[in-house]
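Student: Pasting a structure here, questions to come.
Values in this text are rule-based calculations from the coordinates and carry no lab data. In this text the structure is predicted, and so the values were computed from the model without any measurement. As a convention, Cβ positions derive from the backbone with ideal geometry for all residues, glycine included, and neighbour counts pool all protein chains shown.
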Amino acid sequence: MTTPHILYLDFDGVLHDDAVYFSPDRGMYLDAPGRVFFEWMPILDELLAPYPELRVVLSTSWVRAKGLVFATSRLTPSLRSRVVGATFDNRLVQKAEFDLLPRGLQVWQDIERRAPVGWFAIDNDAAGWPQHCLGRLVLTEDRLGLSDIRAQEAVRNILLAMHTL
């Protein structure tokens, strides 16, 4: 059985502003006046709607910090139904080892393990991505995420290319 097309999804700087912090008193909070968590999630829902077979692997640090169930629970029902896992899996890798890898290598290791038919990633951090992966990375701006029309167009183009092969 082949693994379907996969979107590797970051949260901070993609689905909302990147200014996310954690404190014992406040928990996770967004330090960006006028911004709210997951405010650009409806944009992703709309972009993915024509591709019901597309699956999502969470590549966000939220999984490492709060767990897969917590991170997934923050998504809309339609996005939740697409989630098949995360790049961080404590059954496969130790936290300390995982934390030493840049995001791009975390994603690449997952790609090698899952061997999807096609894949792409949406992230606001291009540091440490293998050169051969950069053409499949939709790089977002920290303060704009998926609200940026250019990022939306890049997602549309990648989805169209993946599904016309």
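Student: Considering (1) touching a helix residue (DSSP H, G or I) at 6+ places or on another chain (Cβ under 6 Å); (2) surrounded by 18 or more Cβ atoms within 10 Å (Cβ to Cβ); (3) touching a residue at least 40 places away in the same chain (Cβ under 8 Å), say which one H16 fails and leave the rest.
Tutor: In the conditions (1) touching a helix residue (DSSP H, G or I) at 6+ places or on another chain (Cβ under 6 Å); (2) surrounded by 18 or more Cβ atoms within 10 Å (Cβ to Cβ); (3) touching a residue at least 40 places away in the same chain (Cβ under 8 Å), H16 misses (1) alone.
Student: Taking region 26-79 as the region of interest, how many residues are surrounded by 14 or more Cβ atoms within 10 Å (Cβ to Cβ) and free of Cβ contacts under 8 Å to residues at least 12 places away in the same chain?
Tutor: 1
Student: Moving to a separate point now. Which numbered condition in (1) farther than 19 Å from P42 by Cα; (2) not in a helix (DSSP H, G or I) is the only one that C133 fails?
Tutor: Every listed condition holds for C133 apart from (2).
Student: What are the pairs, 6+ residues apart or on separate chains, where a residue within region 99-116 that is more than 10 Å from V57 (Cβ to Cβ) has its Cβ under 8 Å from a residue that is of a type in the set (A, V, I, L, M, F, W, C) and surrounded by 20 or more Cβ atoms within 10 Å (Cβ to Cβ)?
Tutor: Final answer for the pair search is P102/W129; R103/W129; G104/W129; G104/L137; L105/W129; Q106/F88; W108/W129.
Student: A further question follows. Which numbered condition in (1) surrounded by fewer than 16 Cβ atoms within 10 Å (Cβ to Cβ); (2) among the basic types (K, R); (3) under 14 Å from L44 (Cα atoms) is the only one that R91 fails?
Tutor: (3)
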